[in-house]
Amino acid sequence: MFEKVFSGSPRYWTWILGLACVIGIGFYFYLRQLEYGLGVTGLSRDVTWGFYIAQLTFLVGVAASAVMVVLPYYLHDYKAFGKLAVLGEFLAVAAVTMCLLFVMVDIGQPFRALNMFLHPTPNSILFWDAFVLNGYLVLNALITRVTLVAERKNESPPKWIKPIIYLSIPWAVSIHTVTAFLYCGLGARPFWMTAILAPRFLASAFASGPSLLILIMLIARKLTRFDPGKEAINKLAQITTYAMITNLFFIALEMFTAFYSNIPEHMIHFQYMFFGVDGKSALVPWMWTSVLAALGSLVILLNPRARQSYQLLATACVLVFSSIWIDKGMGMVVTGFVPSPLGKVNEYMPTLPEVMISLAIYAIGLLMVTVFYKIALSVRGEVEAPAAVVAQEEPAR
Amino acid sequence: MGDDRRRFLKVAGVTLLAVGGAPVLTTLAQDKSSGHGNATAGAKRFAMVIDLKRCEQEQGCTLCSEACHREHNVPDFGNPKDEVKWIWKETYEHAFPSEEYSYAPERVAGPMPVMCNHCDHPPCVRVCPTKATWKRDDGIVMMDWHRCIGCRYCMVACPYSSRSFNWRNPRPFIKQLNADFPTRTKGVVEKCTMCEERLSDGLAPACVAACKAKAMTFGNLADPNSEVRKLLRDGYALRRNPGLGTLPQIYYLV
């Protein structure tokens with residue numbers, strides 16, 4: 001199956017080469033970080049987690065959202081997602097891999113990372129997070145491999161994989177719940193000390209993940225012969241809509257609790273995010289962009305007829321994805337540190353090395369998605385119409 | 001405790017993890033011998049009492065932090081972003097942010113020394129994924145700089161910002177090397193250890209010994225006749241953010 005990766009159009013190779021360049025540049029900056037230490041980042045004594053851990057949090061959501069195609073297809077036999085299920089799982093594999101890479105680049109002594117398993121510490125949520133993320137990676141790698149091999153042989157997947165697929169459903173929920181537990185059990189950080197953090201993470205995940213999947217499907221539809229079908233896209237758009245509304249509802253609930261209670265340590269973080277504190281307001285433009293993108297996406301998504309148009313739907317998906325990326329990938333983590341428990345306002349902004357290393361990890365994820373999807377679509381080409389393989393490889397121009 | 005037992009527990013832990021034996025692991029984790037054992041047995045609870053009135057007599061004094069940082073090879077980077085510190089002075093509003101009121105500075109202005117509180121329920125120990133930080137039976141919260149992977153979760157969990165991370169190689173920034181104490185490497189967390197190395201030599205912590213105003217008193221809370229217990233009997237003391245249930249063991253006499 002893997003040989004499919006090595007044949008492709010010039011456009012395919014240009015894309016691969018571009019990703020390789022981004023990965024190479026990021027790797028150079030990572031070597032610099034290894035040499036100098038995490039001081040190359042914008043992090044400091046007061047803001048100890050930043051861009052890396054925020055990307056981890058965001059991508060755990062993307063990984064978990066595979067459940068939104070797996071569950072309807074396998075539990076409810078929802079046929080329209082038949083073509084999507086394995087692609088959703090592949091996306092999960094790529095996203096979890098990125099998560100693990102973001103953990104690795106964030107730790108100060110990466111060569112000691114195995115200490116987490118040499119000295120297993122069940123009272124640490126980070127231990128559990130590493131455990132469930134690795135587990136989810138293994139589950140999805142296995143499921144995609146087995147189902148794809150079966151598909152190539154034109155037979156139904158072996159029976160024994162079914163319970164593993166069912167297990168992957170609650171496991172997907174667990175990875176984002178445990179990731180929320182990293183934050184929401186710390187007395188030192190009132191901004192995260194909210195029981196709604198895990199549900200909110202899941203809601204935003206089930207909006208951002210499917211919106212990304214829609215975008216990838218729409219791109220694949222243009223570049224290849226693959227078409228997930230109108231029904232599947234519409235259903236994903238519907239899922240995105242409900243999840244986005246739920247996400248915004250949860251954020252509103254948090255704000256009510258913070259501001260009606262009038263407890264300073266709960267209010268001040270929201271004030272920092274949206275208005276700034278002590279004249280320091282690095283996140284303010286980002287957060288309002290996120291709010292506007294969220295509202296803009298709803299204008300489209302709440303209108304079923306607008307959702308039918310692929311162009312408008314793509315716009316809405318970009319808005320949903322960027323809104324949640326800003327909220328989770330910048331706002332949620334950084335704001336927990338500002339102000340500090342001592343009431344000090346020290347701001348954080350990622351530095352160039354930090355951004356380049358992060359981009360490289362995203363490029364690795366995109367490379368994985370490209371390779372996986374190419375294999376999957378090639379296998380399908382063989383299955384459906386052996387003669388059309390060449391045409392499938394060659395995108396319409 | 002033999003090395004064999006330690007190694008056995010490690011292997012057993014990993015094996016159990018592989019088969020998903022979470023309940024067994026939890027029991028293992030509570031068995032202190034599977035992590036860092038503790039030699040000092042007996043009824044000891046080390047703590048410190050800081051008399052704010054005495055401390056304030058020496059405005060601008062930094063002898064405690066100077067002595068500590070010299071003793072422990074704490075680097076001085078000269079910028080807030082890379083800063084590493086074990087004990088330093090904060091104003092009242094930052095040391096006690098939730099107790100703040102407009103007229104408080106008229107009575108306790110500070111700045112006052114703050115450091116690791118050696119909590120009875122230390123959140124840093126709870127979150128550490130490698131047992132690189134742990135609480136001894138005498139109450140001291142310790143660090144193993146060779147095991148720490150530098151995830152900084154302990155810094156996220158500490159409500160007192162008592163921990164520092166080595167964002168870069170600290171060694172070139174040590175003013176005066178103390179050959180009797182280890183230096184650290186980049187990428188690990190460090191903090192106050194209540195001068196555990198001096199205590200085992202029968203000496204008081206470096207900050208206590210250096211304090212000109214005799215504002216800092218170190219002792220054993222488990223002993224009702226100790227100096228710290230007397231001070232707490234005679235005066236009224238605050239602890240930093242006690243509402244979080246961390247049970248901090250640095251007491252501030254007001």
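Exactly one residue out of B:187, B:202 is more than 15 Å from the chain's Cα centre (by Cα), within 25 Å of residue B:51 (Cα to Cα) and without any contact (Cβ under 8 Å) to a residue 60 or more places away in the chain: that is B:202.
Residue B:169 satisfies every condition listed in (1) touching a residue at least 24 places away in the same chain (Cβ under 8 Å); (2) under 16 Å from residue B:77 (Cα atoms); (3) within 13 Å of another protein chain (Cβ to nearest Cβ) except (1).
With a requirement of 2 or more residues that are open to solvent by less than 10 Å² (accessible area, probe 1.4 Å) and in contact with a helix residue (DSSP H, G or I) (Cβ under 6 Å, 6 or more places away or on another chain), the strands (runs of 3 or more DSSP E) lying completely within the range B:40-151 that satisfy it span B:46-51, B:112-114. Residues that are facing another protein chain (nearest Cβ under 7 Å), closer than 30 Å to residue A:86 by Cα, assigned to a helix (DSSP H, G or I) and aromatic (Phe, Trp, Tyr) do not occur anywhere in the range A:128-136. Within the range A:41-56, restricting attention to residues that are touching a Ser or Thr at 6+ places or on another chain (Cβ under 7 Å) and open to solvent by 10 Å² or more (accessible area, probe 1.4 Å), which residue is nearest to residue A:98 (Cα to Cα)? The selected residue is A:51. Scanning the range B:190-231 for residues that are among the aliphatic types (A, V, I, L, M) and assigned to a helix (DSSP H, G or I), we see that the one that is nearest to residue B:73 (Cα to Cα) is B:206.
Select, from A:102, A:111, A:117, the only residue that is at pLDDT below 95, among the aromatic types (Phe, Trp, Tyr), in a helix (DSSP H, G or I) and closer than 28 Å to residue A:38 by Cβ. First the steps, then the outcome.
Working: A:102 fails: at pLDDT below 95; A:111 fails: at pLDDT below 95.
After ruling out the rest, the residue left standing is A:117.
Could you check, for the range B:103-119, whether at least one of its residues is more than 22 Å from residue B:55 (Cβ to Cβ) and more than 8 Å from chain A (Cβ to nearest Cβ)? So far as the range B:103-119 goes, no, none of its residues is more than 22 Å from residue B:55 (Cβ to Cβ) and more than 8 Å from chain A (Cβ to nearest Cβ).
Within the set A:5, A:22, the sole residue that is of a type in the set (Val, Ile, Thr), open to solvent by 40 Å² or more (accessible area, probe 1.4 Å) and touching a residue at least 60 places away in the same chain (Cβ under 8 Å) turns out to be A:22.
Filtered by the rule that a residue be within 14 Å of residue B:185 (Cα to Cα) and within 8 Å of chain A (Cβ to nearest Cβ), the range B:139-166 gives B:147, B:148, B:149, B:150, B:164, B:165, B:166. Checking A:194, A:240, A:177 one by one, the residue that is outside any loop (DSSP other than H, G, I, E, B) and open to solvent by 10 Å² or more (accessible area, probe 1.4 Å) is A:177 and no other. Take the residues of the range A:283-317 that are at pLDDT 95 or above and assigned to a loop (DSSP other than H, G, I, E, B): which is nearest to the chain's Cα centre (by Cα)? Restricting to residues being at pLDDT 95 or above and assigned to a loop (DSSP other than H, G, I, E, B), the top hit is A:283.
The values are calculated or read from the model by the stated rules, or taken from the named source; none is laboratory data. All values derive from a computational prediction rather than experimental measurement. Note that each Cβ is placed from the backbone with ideal geometry, even for glycine, and that neighbours are counted across all protein chains shown. All accessible areas refer to the heavy atoms of the entire protein, side chains included, with ligands and DNA or RNA removed. Shrake-Rupley method; radii C 1.70, N 1.55, O 1.52, S 1.80 Å.
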